[in-house]
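What follows is a single structure, written as structure tokens, with notes after it.
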Amino acid sequence: MQGNTLLAVLTPTGVDQPWFLCDFAATPAWEEVRPVFEAWTAAVESHDPDGSATDQALQAVDDLGITLAPAGDEPTIEDFLLHVVGHQARYRH
């Protein structure tokens, strides 16, 4: 969620500690934030030597103010890492 806007639905499919694996179904609102997440994934996969590109990309993701809103009575998750590749995602908190 970004504010009250649903960006995507994550459907849990498994666990690869410490990551939770999910199917990822984007809503049309995802398109606004997609480039930021793509840059974050690219930075992580680039293994930048000093970590500055990864830090910068992570800050851009944090600046979006996105939260995970679990179904049911579970509390909203504000501090997490999320990687999205196609229709698959993984997150940890």
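The values are calculated or read from the model by the stated rules, or taken from the named source; none is laboratory data. For clarity, every value in this text was computed on a predicted model and none was experimentally measured. Note: ideal-geometry Cβ built from the backbone for every residue, glycine included; neighbour counts use all protein chains shown.
Entry remark, region 21-32: residues being more than 19 Å from ALA60 (Cα to Cα) and either surrounded by 14 or more Cβ atoms within 10 Å (Cβ to Cβ) or not aliphatic (A, V, I, L, M) (or both) number 7 in total.
Does at least one position in region 41-49 carry a residue that is at pLDDT 95 or above and of a type in the set (Gly, Ala, Ser)?
So far as region 41-49 goes, no, none of its residues is at pLDDT 95 or above and of a type in the set (Gly, Ala, Ser).
Taking each residue of region 70-90 that is within 19 Å of GLN17 (Cα to Cα) and looking for partners that are charged (D, E, K, R) with beta-carbon atoms closer than 7 Å, six or more apart or interchain, yields PHE80/ARG92; LEU81/ARG92; HIS83/ARG90; GLN88/ASP23. Across region 67-86, the qualifying residues are those that are in a loop (DSSP other than H, G, I, E, B) and touching a Ser or Thr at 6+ places or on another chain (Cβ under 6 Å), and the one among them that is surrounded by the fewest Cβ atoms within 10 Å (Cβ to Cβ) is THR76. So, of the residues in region 33-49 that are more than 12 Å from the chain's Cα centre (by Cα) and touching a residue at least 12 places away in the same chain (Cβ under 8 Å), which turns out to be surrounded by the fewest Cβ atoms within 10 Å (Cβ to Cβ)? That would be ALA42. Filtering region 14-57 to residues that are part of a helix (DSSP H, G or I) and more than 20 Å from GLN88 (Cβ to Cβ) leaves GLU32, SER52, ALA53, THR54, ASP55, GLN56.
Within region 69-90, being under 8 Å from the mean Cα position of the chain (by Cα) and at pLDDT below 90 holds for no residue. Kindly indicate which of LEU82, LEU68, LEU64 is touching a helix residue (DSSP H, G or I) at 6+ places or on another chain (Cβ under 6 Å) and hydrophobic (A, V, I, L, M, F, W, C). None of the others qualify; the one that does is LEU64.
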